[in-house]
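**Q** Sharing a structure, written as structure tokens. Questions coming.
The values are calculated or read from the model by the stated rules, or taken from the named source; none is laboratory data. These figures come from a predicted structure and were not determined experimentally. Here the Cβ is made from the backbone with ideal geometry for all residues, glycine too, and neighbour counts use every protein chain on show.
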Amino acid sequence: MKIITAFIAALGFATPGLAADTLDTMPPKLETQLALSAAPPHLRDKATVHLLDLKTGYRLTQEGTNGITCIVERTQWEHADFRDDIFVPLCYDAEGTKTYLRYIMDTAAMRAQGMDPAALKAEVEKRFRDKTYPVPSKPGLSYMIAPVMRTSSPPDMKIRTMAMPHLMFYAPYLTNAEIGAAPDFTNFDSLLYPFVDKQGNPEHSYMIQMIGAAEKAKILAEHKQLLEDLCAYRDVLCLTHMEH
Ligand SMILES: [Cu+2]
């Protein structure tokens, strides 16, 4: 895979579906800014930040005091696919930091240790099943209001670069039917009100609330410089490219 990817990269083509299995390290300042952009401005100064360490997983670089913890997620266990172009800025409250975020950080550590994608997915699922990984014990949320992220997205859940700020309220085991939601990923209007997103398994589910168009425009304007810096760092993070 690596050789094919390198060959195609040498030809200058994008490599859809052929993701490298090696991650790069983001410039620390840029990674910090991107991680913190997932939270509203008033929470950033006192938030905790961890940066990715390719050898060990995440390492603490900024100790906060408000219970919010922010990272840029680069490995999503539920995809069972290691790519080098996933960028998901996340900020969890204290309860989520102890639970869901910890599992996301464990995922990075397991990848760093050389576990393969399928084994990693099976291991995380097992830990949820046998309650090694408990779900949040009370309501809370993960802020995902960064101006850009790159992960699977509606309508077809392909990997895309997008501006889709939203909030994620912990909702283990909740189903769309229970809240009367009927999200249709091909119709963005159906996603404007809360719906459930099951991220890998029923234990790891959230109620999603999109940020409105006016607020989103404000977020994009606020982070104009960050967006330029990210685009200069990696072509795949340019919002203008959207899909690769
Ligand atoms: Cu999200």
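**Q** Which numbered condition in (1) assigned to a loop (DSSP other than H, G, I, E, B); (2) free of Cβ contacts under 8 Å to residues at least 40 places away in the same chain; (3) surrounded by fewer than 17 Cβ atoms within 10 Å (Cβ to Cβ) is the only one that Pro172 fails?
**A** (3)
**Q** Also, I was wondering about something else. Conditions first: (1) surrounded by 19 or more Cβ atoms within 10 Å (Cβ to Cβ); (2) within 15 Å of the ligand (Cβ to nearest atom); (3) polar (S, T, N, Q). Thr99 passes all but one, so which condition is the exception?
**A** Thr99 satisfies every listed condition except (2).
**Q** Let me ask something additional. Scan region 84-96 for residues that are in contact (Cβ under 8 Å) with a residue 60 or more places away in the chain and either within 13 Å of the ligand (Cβ to nearest atom) or surrounded by 20 or more Cβ atoms within 10 Å (Cβ to Cβ) (or both) and report the count.
**A** Result for region 84-96: 6.
**Q** Filter region 175-201 down to the residues that are farther than 30 Å from Leu230 by Cα, part of a loop (DSSP other than H, G, I, E, B) and either within 18 Å of the chain's Cα centre (by Cα) or of a type in the set (A, V, I, L, M) (or both) and list them by number.
**A** Ala181, Ala182, Asn201
**Q** In this structure, is Leu51 in contact with a strand residue (DSSP E or B) (Cβ under 9 Å, 6 or more places away or on another chain), at pLDDT below 95 and either within 26 Å of Pro117 (Cα to Cα) or not in a loop (DSSP other than H, G, I, E, B) (or both)?
**A** no
**Q** Tyr58 versus (1) within 16 Å of the ligand (Cβ to nearest atom); (2) at pLDDT 95 or above; (3) assigned to a strand (DSSP E or B): which is the lone unmet condition?
**A** So the condition that Tyr58 fails would be (1).
**Q** Moving on. Is it the case that some residue within region 13-27 is of a type in the set (A, V, I, L, M), over 19 Å from Thr99 (Cβ atoms) and modelled with pLDDT of 95 or more?
**A** There is at least one residue in region 13-27 that is of a type in the set (A, V, I, L, M), over 19 Å from Thr99 (Cβ atoms) and modelled with pLDDT of 95 or more.
**Q** Further question: Restrict the check to region 220-238 and report whether at least one residue is within 16 Å of the ligand (Cβ to nearest atom) and either among the β-branched types (Val, Ile, Thr) or assigned to a loop (DSSP other than H, G, I, E, B) (or both).
**A** Our first condition is that a residue be within 16 Å of the ligand (Cβ to nearest atom); within region 220-238, this holds for none.
No, there is no match, as no residue in region 220-238 is within 16 Å of the ligand (Cβ to nearest atom) and either among the β-branched types (Val, Ile, Thr) or assigned to a loop (DSSP other than H, G, I, E, B) (or both).
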